[in-house]
Amino acid sequence: MQSTTTTHSGPVEVTILARILGNERGRLPQVMARYLLDLGFNEDEKARMHDLAIRNQDDALSPAEKEELLAFAKAGTLLSILKSRARRSLRIKPKKRSSS
């Protein structure tokens, strides 16, 4: 019987998937790159992540909520890596974040 226990090897999983999505030169196809730059979390997901992060600081999350927060973190990391690759593929410089 195979175990269903989740391991916390997020960065390795994320790096492997990001590498798979690129081609042999490390560049994403232009159509895919443009698509990836349009992706992001919706407002409900952002609110949920914020709620989980705040409650996590008080150690007030259930085990399932901790896994959910970790899943959001992995997804965010993967999305960041893919967007970085997309910008490089399209030769776009990243936008500076506003300090608001």
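The values are calculated or read from the model by the stated rules, or taken from the named source; none is laboratory data. All values derive from a computational prediction rather than experimental measurement. So basically every Cβ, Gly included, is an ideal-geometry build from the backbone, and we count neighbours across all protein chains shown. Heads up: the accessible areas ignore ligands, DNA and RNA and are worked out on the full protein's heavy atoms, side chains in. Shrake-Rupley method; radii C 1.70, N 1.55, O 1.52, S 1.80 Å.
This table checks each residue for (1) at pLDDT below 75; (2) among the charged types (D, E, K, R).
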position	(1), (2)
ALA18	yes, no
MET32	no, no
LEU36	no, no
ASP44	no, yes
GLU65	no, yes
SER80	no, no
LYS83	no, yes
SER89	no, no
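On the stretch given as region 26-69, residues that are open to solvent by 50 Å² or more (accessible area, probe 1.4 Å) and either over 19 Å from LYS93 (Cα atoms) or in contact with a Ser or Thr (Cβ under 7 Å, 6 or more places away or on another chain) (or both) total 24.
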